[in-house]
Every structure is written in C-alpha cells, then in structure tokens.
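So the structure is just underneath, and the comments pick up after that.
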Amino acid sequence: MRDEELKHEIRELLKKRNGILLAHNYMRDEVQEIADLTGDSLGLSIEAARTDADVIVFCGVHFMAESASILAPDKTVLLPRLDAGCPMADMVTVEGLRELKARHPGVPVVTYVNSSAAVKAESDICCTSANALKVVDSLPDPEVIFVPDRNLGRYVARFSDKTFHFWEGYCPTHERLKEEDVLRLKKDHPDALFVCHPECNPRVTALADHVCSTSGMYAYCAESSAVQFIIGTEAGILYRLRSENPGKQFILASPALFCPNMKLTSLEDIQAALTTMKPVVKVPEEIRVPAKRALDRMLAIPRD
C-alpha cells in the first residue's frame, strides 16, 4: 500500500475510533506529517489527556505511552511498536534507585520524565529538559538525587548551589555527538549558531550558543535573526525546523544523531495498531497513582 493510501486509511481509522495521533519530534517525517499533535513527550501526553478522544496513538517510545496512561487512565493508549524502548530509561531500575536513596536518606529524588512509570513512582518529583532547573530550585532541600540522565543533571548543576547525586545514565544518541564534530562544523559555518539539547555531554553543551529542549529549539530558531543553525539533537527535529523556517538552513551536528528506537514506528505500524487496537500500554494503579503524584508536583510549579 502506498504512503498516501496508508495516510488516508489511518485518518479514517482515527475518526472511527475517536482517536488522536501523537508524534514525538524525533519520529519519521511521514509520521509527523499526519499527526494531530507533534512535540515533546510529556507535553503531548498533557495535551492528549485534555481532549475528548477515546484512543491515544502514541508514536514514540514506551515511557511516553506510559506517561499518557498515567495522565489519561480512562483512555486507551496504543503504542504501535511495543519494542520501541529508551536505552536511557532502561538504565535505571527501581531496585537501583532504592539503593541510591538508602545511601542518601531524606534526599529528594528528581526524576527526568525520560524514565519508566515504576521509577517515577519511586520519585518525589519529575522534571523535563525545559524545566529541570526550576524543579530543582523549587525544593527547599540542599541536596537532590537526579535520575537518570547525568548530562542533563550536570547541566542543571552548573546553575544551582545544591549538591547533586547523579545516576550515571545517559542518552546514547546524544552521547555520540562529540566536541570535535561541533568544532569542525563551527569552523566550516562561522556564522551559524550552535543549538543543542542538554542531554549532550558537558563538553558539547559548553560550546553551544543556546541549550534547550526540542520545543525550545523550534521557538529559538524561529525567533532568531540568524539564518544558519547547527543542530545538536536527534535528526527527526529537522522536519519541523525546515518546514517552519523555509528561509533558514539547519545543519545536523553529526550523522550519529539518529535514534533507531525513534525511527521504528512506520505508517504500517500505526495502521495495524488502529485496526487491531493493539498493543495497549496500561499502567497499573499501584504504580500510576504515585507516578502521577510526582508529575503533579512538577506541574504545580508556577510557570514564568
């Protein structure tokens, strides 16, 4: 079946199921093209929970579908590829986190949303890449345990007086971006601004003109008067950057910025999920309730 036929069938199935199609910023171009909403993982879940849709089709990875289930337990959440996981989320376990908490009794756990529902349930508060510093600063404690991304944690620690205890997890995709890759491109494109994600290692973020989440990159690049940008995050973000800024040039900082998990979901997978109403991701209540508490604490922090 050709792509255009598949896209039409998917949209018809969404109408039939009263469904909403979510696509993370790193998804394949053709998946982003037909999505009802594109964006960051938690932002998508929040928006989908507010709709009257009965079915959420989450084109992303497993922890993202879990977040949708946590925030919208009354809706059916479909993850077209159940094998789409997140290596960083898999680097932290409940057992390991409990051991870390035992070594630092009473220290609050700040958990990045790129984590499993079970790990969120073991945490005090969640954060995103955009609000991590604000979340840390909202806590009265002089110390925090930061889970699971050491790179995001160390970036936040640059701007905080608190003592951090890091879980040594990381995003393999962002970790592959090397300092020398950026320096070479900056030399070749001296007028380009380098924008990167805080999941990159500290040597890379130190070279950036701006460090922000994927949603932050859309806003920054649109508002900037610059016309050339070196982009330090997963390649999928280029689809919207180029679509929304036709007069500007976006250069991927490295061909290694490719996440195979984020590229698993195809149009065929989405069509199959809507036809069979499988695979369903459902977070058990004993995990969902404490995980939602950690998310709610984050969401209760006033925005600027």
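The values are calculated or read from the model by the stated rules, or taken from the named source; none is laboratory data. For clarity, every value in this text was computed on a predicted model and none was experimentally measured. Cβ: placed from backbone, ideal geometry, glycine included. Neighbour counts: every protein chain shown. The area values use the complete protein model at the heavy-atom level, side chains included, leaving out ligands, DNA and RNA. Shrake-Rupley method; radii C 1.70, N 1.55, O 1.52, S 1.80 Å.
Look at Ser254 and say whether it is hydroxyl-bearing (Ser, Thr, Tyr) and free of Cβ contacts under 8 Å to residues at least 24 places away in the same chain.
Values: hydroxyl-bearing (Ser, Thr, Tyr): yes; free of Cβ contacts under 8 Å to residues at least 24 places away in the same chain: no.
No, not satisfied.
For every residue, the table says whether it meets (1) touching a strand residue (DSSP E or B) at 6+ places or on another chain (Cβ under 7 Å); (2) acidic (Asp, Glu).
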{"position": "Glu9", "(1), (2)": "no, yes"}
{"position": "Lys15", "(1), (2)": "no, no"}
{"position": "Leu22", "(1), (2)": "yes, no"}
{"position": "Asp29", "(1), (2)": "no, yes"}
{"position": "Ala35", "(1), (2)": "yes, no"}
{"position": "Asp40", "(1), (2)": "no, yes"}
{"position": "Leu44", "(1), (2)": "yes, no"}
{"position": "Ala49", "(1), (2)": "no, no"}
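Restricting the search to region 272-304, which residues are closer than 14 Å to Ile70 by Cα, surrounded by fewer than 20 Cβ atoms within 10 Å (Cβ to Cβ), aliphatic (A, V, I, L, M) and within 21 Å of the chain's Cα centre (by Cα)?
Hits for region 272-304 are Val280, Leu299.
So that you can scan it fast, the table gives a plain yes or no per residue for (1) modelled with pLDDT of 95 or more; (2) among the acidic types (Asp, Glu):
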{"residue": "Ser41", "(1), (2)": "no, no"}
{"residue": "Ala49", "(1), (2)": "no, no"}
{"residue": "Asp52", "(1), (2)": "yes, yes"}
{"residue": "Ala65", "(1), (2)": "yes, no"}
{"residue": "Asp83", "(1), (2)": "yes, yes"}
{"residue": "Cys86", "(1), (2)": "yes, no"}
{"residue": "Leu97", "(1), (2)": "yes, no"}
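Thr163: polar (S, T, N, Q) and open to solvent by 10 Å² or more (accessible area, probe 1.4 Å), yes or no? Give the steps one after another, and end with the answer.
Values: polar (S, T, N, Q): yes; open to solvent by 10 Å² or more (accessible area, probe 1.4 Å): yes.
Here the answer is yes, as Thr163 does meet what is asked.
If I ask for residues that are open to solvent by 40 Å² or more (accessible area, probe 1.4 Å), touching a helix residue (DSSP H, G or I) at 6+ places or on another chain (Cβ under 7 Å) and in a helix (DSSP H, G or I), which ones from region 12-42 would you list?
Arg17, Asp29, Glu30 - these are the residues of region 12-42 that are open to solvent by 40 Å² or more (accessible area, probe 1.4 Å), touching a helix residue (DSSP H, G or I) at 6+ places or on another chain (Cβ under 7 Å) and in a helix (DSSP H, G or I).
Evaluate region 238-250: report whether one residue or more is of a type in the set (Gly, Ala, Ser), farther than 19 Å from Thr128 by Cβ and in contact with a strand residue (DSSP E or B) (Cβ under 7 Å, 6 or more places away or on another chain). Reasoning before the result, please.
Step one: of region 238-250, the residues of a type in the set (Gly, Ala, Ser) are 243, 247.
If we keep only those that are farther than 19 Å from Thr128 by Cβ too, we end up with 243, 247.
Now restrict to residues that are in contact with a strand residue (DSSP E or B) (Cβ under 7 Å, 6 or more places away or on another chain): none.
No, region 238-250 contains no residue that is of a type in the set (Gly, Ala, Ser), farther than 19 Å from Thr128 by Cβ and in contact with a strand residue (DSSP E or B) (Cβ under 7 Å, 6 or more places away or on another chain).
Of the conditions (1) under 25 Å from Thr205 (Cα atoms); (2) touching a helix residue (DSSP H, G or I) at 6+ places or on another chain (Cβ under 6 Å); (3) open to solvent by less than 10 Å² (accessible area, probe 1.4 Å), Thr128 fails just one. Which one is it?
Going through the list (1) under 25 Å from Thr205 (Cα atoms); (2) touching a helix residue (DSSP H, G or I) at 6+ places or on another chain (Cβ under 6 Å); (3) open to solvent by less than 10 Å² (accessible area, probe 1.4 Å), Thr128 breaks only (3).
Among the candidates Val182, Val195, Val211, Val204, which residue alone is β-branched (Val, Ile, Thr) and over 20 Å from the mean Cα position of the chain (by Cα)? Walk me through it before giving the result.
Working: Val195 fails: over 20 Å from the mean Cα position of the chain (by Cα); Val211 fails: over 20 Å from the mean Cα position of the chain (by Cα); Val204 fails: over 20 Å from the mean Cα position of the chain (by Cα).
The conditions single out Val182.
Quick one: count up the residues across region 226-271 that are assigned to a loop (DSSP other than H, G, I, E, B), touching a helix residue (DSSP H, G or I) at 6+ places or on another chain (Cβ under 9 Å) and open to solvent by less than 50 Å² (accessible area, probe 1.4 Å).
Number satisfying all stated conditions: 14.
Can you pull out every residue in region 46-93 that is over 23 Å from Arg297 (Cβ atoms), touching a helix residue (DSSP H, G or I) at 6+ places or on another chain (Cβ under 7 Å), open to solvent by 10 Å² or more (accessible area, probe 1.4 Å) and of a type outside the set (D, E, K, R)?
Correct list: Pro80, Gly85, Pro87.
When you scan region 114-190 for strands (runs of 3 or more DSSP E) that lie fully inside it, which ones turn up with 2 or more residues that are closer than 28 Å to Glu285 by Cα? Give the derivation first.
Numbers: elements: 125-127, 143-147, 163-166.
Correct list: 125-127, 143-147.
Taking the condition out of contact with any Pro (no Cβ under 8 Å at 6 or more places or on another chain), open to solvent by 50 Å² or more (accessible area, probe 1.4 Å) and modelled with pLDDT of 95 or more, does Ala102 pass?
For Ala102, the condition - out of contact with any Pro (no Cβ under 8 Å at 6 or more places or on another chain), open to solvent by 50 Å² or more (accessible area, probe 1.4 Å) and modelled with pLDDT of 95 or more - is met.
Taking the condition of being open to solvent by 30 Å² or more (accessible area, probe 1.4 Å), more than 19 Å from Gly216 (Cα to Cα) and touching a residue at least 60 places away in the same chain (Cβ under 8 Å), how many residues in region 131-160 meet it?
Within region 131-160, residues that are open to solvent by 30 Å² or more (accessible area, probe 1.4 Å), more than 19 Å from Gly216 (Cα to Cα) and touching a residue at least 60 places away in the same chain (Cβ under 8 Å) number 1.
Collect the residues in region 33-59 that are under 16 Å from Lys282 (Cβ atoms) and touching a residue at least 60 places away in the same chain (Cβ under 8 Å), keeping them in residue-number order.
Val55, Val57, Phe58
Among the residues of region 95-109, is any in contact (Cβ under 8 Å) with a residue 40 or more places away in the chain and in contact with a Phe, Trp or Tyr (Cβ under 6 Å, 6 or more places away or on another chain)?
Among the residues of region 95-109, not one is in contact (Cβ under 8 Å) with a residue 40 or more places away in the chain and in contact with a Phe, Trp or Tyr (Cβ under 6 Å, 6 or more places away or on another chain), which makes the answer no.
Within region 63-72, can one find any residue that is assigned to a strand (DSSP E or B), in contact (Cβ under 8 Å) with a residue 24 or more places away in the chain and under 14 Å from the mean Cα position of the chain (by Cα)?
Our first condition is that a residue be assigned to a strand (DSSP E or B); within region 63-72, this holds for none.
Checking region 63-72: not a single residue is assigned to a strand (DSSP E or B), in contact (Cβ under 8 Å) with a residue 24 or more places away in the chain and under 14 Å from the mean Cα position of the chain (by Cα).
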